[in-house]
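What follows is calculated from the coordinates using simple rules that are stated; it is not laboratory data. Worth saying up front: this structure is predicted, and the values here are computed from it rather than measured. Backbone-built Cβ (ideal geometry, glycine too); neighbour counts: all protein chains shown.
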Amino acid sequence: MEEGHVMPGVSAARAERLLVLCATAIQNQNAPVVQQAVQALQSISSIDGEPNERVTAYFLRALSIRAGGLLQGQLDEDPTGHLDHPHQVQWGDRRLGFNELTNLVDMTPYYRFGYMAANGAILEALEGVDRVHIIDFSTSHCMQWPTLIDALADRMGGPPHVRLTVASGSLPTPPRLQPTYEEVGHRLALWAGEKKVPFEFRILSRPLERLRTKDIDLRDGESLAVNCSLRLHYLADESAGFVSEASSETIFSPRDKFLQLIRGLNPTVVTLYEEDCNTTSVDLVTRLKEAYNHEWISFDYLATYSQNGSHGRLELERAVGQKIENIIACENFHRIERLESKSQWAQRMQRLNFRALPVSEDVVAALREMVGDYAVGWGMKLDEDDVQVLSWKGHSLAFASSWVPYETPSKLA
């Protein structure tokens, strides 16, 4: 348990010890210990209790699914404990309208932090250019772009021509949008028209894993910005650095391949926003510890915004619970929640021949002011490597950074 992780109710340290005991027993195929641990966890967990009781309840559910027949004293078919685990999370199918999505974004600084950091970096990197192409790989359905259009409209010398390419994607995870992306583009075009910003909108429907350079439709005279917000951790991270004996060529993971493609586009800036947690380990216990010491944050801050039985709070907690279920109960291609820490992302970007861009004092000041508008407990800090970190009660929740390819990319090792 991380030092300083304190929530009301049941001891977080005790809950974590029992969860680790249960996960270890599952790996060791020890049915009696699994059953004892589950019984103990049931006594200290509740989906409508204190924040730590709630997060424990969702981890218990995920472990119970993972345990399968062990809860009835039956051994799983694979005595090694490394099962395929074809379990799939039944993600909620509820879709949000524009107003509901706006309310979700405004509820906490979680989304707005990423928007402001990325928009600030894009505005500075593209200062003075006449034609801008933004490629948006994110999960927030273009919510950040009206603010950027506003800023470009007020730019000294007049606004540039803006072309926005949006990856529609097919992720099952919330938030999901009821309106179509054609409707999103129409609304953005109307907004840009009101602001007298020349604007084009294009939908990129090909999955990120199969994206090709020719799909991007690069044009001469445009400066390119690539926005990656809470999206890249859904790309598989495995197989990186594996060398094929047959070809002696390095085989890179889908995550690396995607970033290689982006680097090859020679963007002026690449903005990255992700949660600061590592859930990529193949070891269940390691993954559980990392996830538990991260996901409690959501349950804790949601308790400050909503009444105990409010529908909105329960709905958001269920969404986090589904994420926990995917991290713990699923494996292989069914496990899509593969978060990496900010240090892991920095290492990955540097290995793929990107260098970090400094963040300006104006952007930092704007982020601090925005975070300060929310409840006590939220914080923002700037790391020595120019990474902007959003924290809750001193614990890192998410981070934002911006990157650019080296001028002459070297051959990957």
Calculated FRET efficiency for the pair Asp106/Gln36, C-beta based, R₀ 51 Å, to 0.05: 0.70
Peptide ranges 221-228, 12-19 listed from the most packed, as the mean C-beta count within 10 angstrom indicates: 221-228, 12-19
Between helix 12-27 and the chain: long-axis angle, C-alpha atoms, 0 to 90°, nearest 10: 80
Entries in Lys289/Lys342; Lys289/Lys393; Lys195/Lys342 that, when Cα-Cα distance is taken, lie over 25 Å: Lys195/Lys342
Net lengthening on full extension, Arg94/Ala13 (0.36 nm per residue, minus Cα-Cα): 25.7 nm
Angle in degrees between helix 284-305 and the longest Cα principal axis of the chain, rounded to the nearest 10: 70
MRE, 222 nm, helices only [DSSP H, n ≥ 4, -39500 (n - 2.57), over the chain, to nearest 500]: -13500 deg cm²/dmol
Glu238/Arg212 FRET efficiency (R0 30 Å; Cβ-Cβ; nearest 0.05): 0.85
Mean Cβ count within 10 Å, highest first, over the residues of peptides 29-39, 324-334, 275-285: 324-334, 275-285, 29-39
Calculated log10 I(q)/I(0) by the Debye sum over Cα atoms at q = 0.08, 0.09, 0.10, 0.12 Å⁻¹ (choose from [x] -0.46, -0.59, -0.72, -1.02; [y] -0.81, -0.87, -0.94, -1.06; [z] -0.64, -0.74, -0.83, -0.97), label: [x]
Pairwise FRET efficiency - Glu124 versus Gln350, Cβ, R0 = 25 Å, nearest 0.05: 0.70
Rel. contact order, % - alpha carbon contacts under 8 angstrom, at least six apart, the chain: 19
Point-to-point label distance, Val285-Asp386, nm (Cα→Cβ direction, 7 Å offset): 4.1
Protection proxy ranking, peptides 195-202, 380-387, average beta carbon neighbours within 10 Å, highest first: 195-202, 380-387
Crossing angle, helix 342-351 versus the chain [Cα axis fit, 0-90 degrees, rounded to tens]: 50
Beta bridges by DSSP in the chain, antiparallel share as percent, to the nearest 5: 45
